[in-house]
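A.B. asks: Got a structure for you, questions after.
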Amino acid sequence: MKTSIQRINPIQFAIAGSAIALYAFFQLLFSTAAYFSYQHQIEIITGKVINRVALDLPLLQIANKPMKQVANKQAIIDYQQNINQQLESQKFPVRIAYIQGVDAPENKGFNGIISTQVLTTPYQKVELGLDGIPFPFISSLSFYPVIGSVLIMLVSLPLINRWKKEHRQVPERIEEPKLIINLNNRTLTNSADGKSVQMSNKPFCFYVALLDYCSKSDDATLNHNKNLPPELLELASRNFYRLIELGHTIRKRPDFSSNLDKMLSEIRAALDEIYKDTPELKSPYYPPKAQGEGSRSKLHNYALEGIDANSLEFIGK
């Protein structure tokens, strides 16, 4: 069973990546703000607890060696428990851990001492320890980053769509290789690599006529033992007169029916030169050579079979 893998659209991938990046940014921002807000809350509550205990110290029977006073541990424990219950009822993340070595009842869920304070009285110094709850992970999560990311993406979508329309990739059109025939300078050029060769007047005029004639005839047949078609001779003559107009020659029109083999050899040599590096492109433009014995028999056809007019580009015609 074959499974098709759908290609990921780069634009969609970029949008998804942007949405994730936005969410991560807002989540980090929210978590950082929540953490510092939590720490600030602990500082405020810690300050209030310290002030409360400092005010209540004269009422607590704490051990005092200079005054030979024995501590009332149970009273201190009850006091701590009372304060902690008030803190718990208000859901504050701070508890009293001990006062002057007297531990408070166990505070479940608390992580340990977060602050140790020394309170000074006229007769002694009292050590106060406070417990705290570590910053809960759940407090760093919120729907606000999701909402913020979605809102920004919704606002940005029209801009993204507009950008996509303006930068939509148009498939690059691949130019088909052509043979460029330039009458202005009597050259043949391979458009694939720009190689060019200049030809003499007679073979050039005949070859231009041959290209023109064969591109307009699907079943052209040209044999050595037959006269050239009048249409082909007319085209060759017309090309020669065009060269006269362009200033290439002032001589009398040549006889294109004579020395046919020599003309074809010069044409093939020119094509061999310009298609030296791209021989696979040469065959449509190359007059076929006779094979084996009887090269000038009726079987040999030097017409350009299958030549396409769209593969030719004439300049100065």
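A.B. asks: Condition check: under 30 Å from Phe25 (Cα atoms) and not acidic (Asp, Glu). Does Ile244 satisfy that?
C.D. replies: no
A.B. asks: With respect to Ile83, determine if the residue is of a type outside the set (Ser, Thr, Tyr), within 19 Å of Gly47 (Cβ to Cβ) and assigned to a strand (DSSP E or B).
C.D. replies: no
A.B. asks: May I ask you to say which residue of Ala54, Ala71 is of a type outside the set (Phe, Trp, Tyr), in contact (Cβ under 8 Å) with a residue 40 or more places away in the chain, in the same structural domain as Leu130 (by TED's automatic domain parsing) and more than 30 Å from Gly148 (Cα to Cα)?
C.D. replies: Matching residue, one of Ala54, Ala71: Ala54.
A.B. asks: Sticking with this structure for a sec: Sort out which residues of the range 267-282 are in a helix (DSSP H, G or I) and either crowded, with 17+ Cβ neighbours inside 10 Å or at pLDDT below 90 (or both), and write them in order of number.
C.D. replies: Hits for the range 267-282 are Ile267, Arg268, Ala270, Leu271, Ile274, Leu281.
A.B. asks: Can you pull out every residue in the range 98-125 that is at pLDDT 75 or above, part of a loop (DSSP other than H, G, I, E, B) and surrounded by 14 or more Cβ atoms within 10 Å (Cβ to Cβ)?
C.D. replies: Correct list: Gln100, Ala104, Gln124.
A.B. asks: Exactly one condition in (1) over 14 Å from Asp212 (Cβ atoms); (2) assigned to a helix (DSSP H, G or I) is not met by Glu234; state its number.
C.D. replies: (1)
A.B. asks: Could we say that Ser156 is modelled with pLDDT of 85 or more, of a type in the set (S, T, N, Q), surrounded by fewer than 16 Cβ atoms within 10 Å (Cβ to Cβ) and not in a strand (DSSP E or B) here?
C.D. replies: No: the conditions fail for Ser156.
A.B. asks: Quick one: count up the residues across the range 299-317 that are at pLDDT below 80 and either more than 47 Å from the chain's Cα centre (by Cα) or of a type in the set (A, V, I, L, M, F, W, C) (or both).
C.D. replies: 2
A.B. asks: Is at least one residue of the range 288-298 over 20 Å from Tyr213 (Cβ atoms), assigned to a loop (DSSP other than H, G, I, E, B) and at pLDDT 90 or above?
C.D. replies: Checked the range 288-298: no residue is over 20 Å from Tyr213 (Cβ atoms), assigned to a loop (DSSP other than H, G, I, E, B) and at pLDDT 90 or above.
A.B. asks: Which one of Leu211, Leu188 is under 47 Å from the mean Cα position of the chain (by Cα), in the same structural domain as Phe256 (by TED's automatic domain parsing), assigned to a helix (DSSP H, G or I) and at pLDDT 90 or above?
C.D. replies: Unique residue meeting the criteria: Leu211.
A.B. asks: Hey, another quick one. Which one of Gln41, Gln69 is on the phi < 0 side of the Ramachandran plot and modelled with pLDDT under 85?
C.D. replies: From the options Gln41, Gln69, the qualifying one is Gln69.
A.B. asks: Also: Hey, any hits in the range 108-119 for a residue that's farther than 21 Å from His40 by Cβ and in contact with a helix residue (DSSP H, G or I) (Cβ under 9 Å, 6 or more places away or on another chain)?
C.D. replies: For the range 108-119, residues farther than 21 Å from His40 by Cβ and in contact with a helix residue (DSSP H, G or I) (Cβ under 9 Å, 6 or more places away or on another chain): present.
The values are calculated or read from the model by the stated rules, or taken from the named source; none is laboratory data. None of these values were measured; they are calculated from a predicted model. Don't worry about glycine lacking a Cβ; one is built from the backbone with ideal geometry, like all the others, and counts go over all protein chains shown.
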